[in-house]
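To start, the structure itself, in structure tokens.
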Protein chains: 2
Amino acid sequence: MNALLENLAFNEAGLIPAIAQDQKTGEVLMVAWMNRDAIAETLATGQVCYYSRSRSKLWRKGETSGQVQKLVELRIDCDGDSLLLLVDQTGVACHTGRRSCFFRAVRDGELVTIANPETTPEALYGKHGAKSGH
Amino acid sequence: MNALLENLAFNEAGLIPAIAQDQKTGEVLMVAWMNRDAIAETLATGQVCYYSRSRSKLWRKGETSGQVQKLVELRIDCDGDSLLLLVDQTGVACHTGRRSCFFRAVRDGELVTIANPETTPEALYGKHGAKSGH
């Protein structure tokens, strides 16, 4: 843990971007941010915990929706300023109900939606919905 | 292009993180940053161009090393604050000579190297080497 933290370059807010990738399919599911506490908790529990910039607190992914991410492996890049989380994703990663947050693509110069929701925000968060927490 | 830019949330420095993923293997190759000009150039040329935070200028990936990235598709996430670039990578993505920048992983509590270089920085950049440009 100390060896890991010594090799990480957090930004001025004490955060580092983390990519969640489905370890079975290779699909990139989402990008969020982690601070030291989020990394420590994730490694200790094996359940991915991010830091919510909008709520300014730890964000235990799936705490409300049940769509948790089990950590399979944590990797860091050459500069130590990005994390790659290989995960087993329960259900969907995106608060819109889609498997991946990257459901829009530029095709023929237009921004188009390339994936449909597998569930609804209401089913995930109840009637009042919830912010994505990024 | 305008539709894309209108849906993007750049940070206070006018940048947005971009993940490069090998479109054939699904491997996450690297994370870097783009500004509006880098996105425009990438879409116009089909060759990935980032913004180098250390050099404060556009960074045409592979310009020195020849290890270019051909853009296959640009995707954006639900919040519009991250980009996913599906690319065809020529050679290696990492300035260390490895295919991916994510060549270190936490295993059994230790940070270990899990991939070997396929070439050398000297072969990529000449005797004087070069910074990664992130």
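The values are calculated or read from the model by the stated rules, or taken from the named source; none is laboratory data. Remember, it's a predicted structure, so these values are computed and weren't measured experimentally. Every residue, glycine as well, gets a Cβ built from its backbone with ideal geometry; the counts of neighbours run over all protein chains shown. For the accessible areas, the whole protein counts, side chains as well, though only heavy atoms, and no ligand, DNA or RNA atoms are used. Shrake-Rupley method; radii C 1.70, N 1.55, O 1.52, S 1.80 Å.
Can you name the number of the only condition in (1) touching a residue at least 24 places away in the same chain (Cβ under 8 Å); (2) open to solvent by less than 30 Å² (accessible area, probe 1.4 Å); (3) of a type in the set (Phe, Trp, Tyr); (4) farther than 18 Å from residue B:18 by Cβ that residue B:59 fails?
It is condition (4) that residue B:59 fails.
Being more than 13 Å from chain A (Cβ to nearest Cβ), under 13 Å from the mean Cα position of the chain (by Cα) and of a type in the set (A, V, I, L, M, F, W, C): is that true of residue B:68 here? Working first, answer last.
Values: more than 13 Å from chain A (Cβ to nearest Cβ): yes; under 13 Å from the mean Cα position of the chain (by Cα): yes; of a type in the set (A, V, I, L, M, F, W, C): yes.
Judged against the criteria, residue B:68 is a match.
For the stretch B:83-106, name all the residues that are polar (S, T, N, Q) and at the interface with another protein chain (Cβ under 9 Å from one of its Cβ atoms).
B:96, B:100, listed by residue number.
What number goes with the only condition from (1) open to solvent by 40 Å² or more (accessible area, probe 1.4 Å); (2) farther than 28 Å from residue A:1 by Cβ that residue A:103 does not pass?
Answer for residue A:103: the failing condition is (1).
How many residues are of a type in the set (S, T, N, Q), outside any loop (DSSP other than H, G, I, E, B) and more than 18 Å from the chain's Cα centre (by Cα) if we restrict to the stretch B:73-130?
Within the stretch B:73-130, the first condition is being of a type in the set (S, T, N, Q), and the residues that meet it are B:82, B:89-90, B:96, B:100, B:113, B:116, B:119-120.
Those still in the list that are outside any loop (DSSP other than H, G, I, E, B) too: B:89, B:113.
When the remaining residues are screened for being more than 18 Å from the chain's Cα centre (by Cα), the result is B:113.
Of the residues in that region, 1 qualify.
Are any residues in the stretch B:49-65 more than 20 Å from residue B:11 (Cα to Cα) and under 14 Å from the mean Cα position of the chain (by Cα), and if so, which ones? Give the derivation first.
Narrowing the stretch B:49-65 to residues more than 20 Å from residue B:11 (Cα to Cα): B:60-65.
B:60, B:61, B:62, B:63, B:65 - these are the residues of the stretch B:49-65 that are more than 20 Å from residue B:11 (Cα to Cα) and under 14 Å from the mean Cα position of the chain (by Cα).
Given A:26, A:14, A:46, which one is at positive phi and either in contact (Cβ under 8 Å) with a residue 40 or more places away in the chain or in contact with a strand residue (DSSP E or B) (Cβ under 6 Å, 6 or more places away or on another chain) (or both)? Spell out the reasoning first.
Details: A:26 fails: either in contact (Cβ under 8 Å) with a residue 40 or more places away in the chain or in contact with a strand residue (DSSP E or B) (Cβ under 6 Å, 6 or more places away or on another chain) (or both); A:14 fails: either in contact (Cβ under 8 Å) with a residue 40 or more places away in the chain or in contact with a strand residue (DSSP E or B) (Cβ under 6 Å, 6 or more places away or on another chain) (or both).
Unique residue meeting the criteria: A:46.
From A:9, A:20, grab the single residue that is more than 10 Å from chain B (Cβ to nearest Cβ) and not in a helix (DSSP H, G or I).
Numbers: A:9 fails: more than 10 Å from chain B (Cβ to nearest Cβ).
Just a single option satisfies the conditions, and that option is A:20.
Consider residue B:96 carefully, then state whether it is open to solvent by less than 70 Å² (accessible area, probe 1.4 Å) and either within 29 Å of residue A:2 (Cβ to Cβ) or in contact (Cβ under 8 Å) with a residue 40 or more places away in the chain (or both).
Values: open to solvent by less than 70 Å² (accessible area, probe 1.4 Å): yes; either within 29 Å of residue A:2 (Cβ to Cβ) or in contact (Cβ under 8 Å) with a residue 40 or more places away in the chain (or both): yes.
The answer is yes for residue B:96.
Scan the stretch A:12-44 for residues that are surrounded by 15 or more Cβ atoms within 10 Å (Cβ to Cβ), more than 15 Å from residue B:29 (Cα to Cα) and of a type in the set (Val, Ile, Thr) and jot them down.
If the condition is that a residue be surrounded by 15 or more Cβ atoms within 10 Å (Cβ to Cβ), more than 15 Å from residue B:29 (Cα to Cα) and of a type in the set (Val, Ile, Thr), then A:16, A:39, A:42 are the ones that fit.
Looking at residue B:50 and the list (1) farther than 22 Å from residue A:74 by Cβ; (2) open to solvent by 40 Å² or more (accessible area, probe 1.4 Å), which single condition is not satisfied?
The one condition residue B:50 does not meet is (2).
For the stretch B:72-90, give me each residue that is out of contact with any Phe, Trp or Tyr (no Cβ under 9 Å at 6 or more places or on another chain) and either modelled with pLDDT under 95 or buried (at least 20 other Cβ atoms within 10 Å of the Cβ) (or both).
Within the stretch B:72-90, B:74, B:79, B:85, B:86, B:87, B:89 meet the criteria.
Could you please let me know if residue B:109 is away from every other protein chain (no Cβ under 13 Å) and either modelled with pLDDT of 95 or more or open to solvent by less than 50 Å² (accessible area, probe 1.4 Å) (or both)? So that I can check it myself, show each step before the final result.
Values: away from every other protein chain (no Cβ under 13 Å): no; either modelled with pLDDT of 95 or more or open to solvent by less than 50 Å² (accessible area, probe 1.4 Å) (or both): yes.
No, not satisfied.
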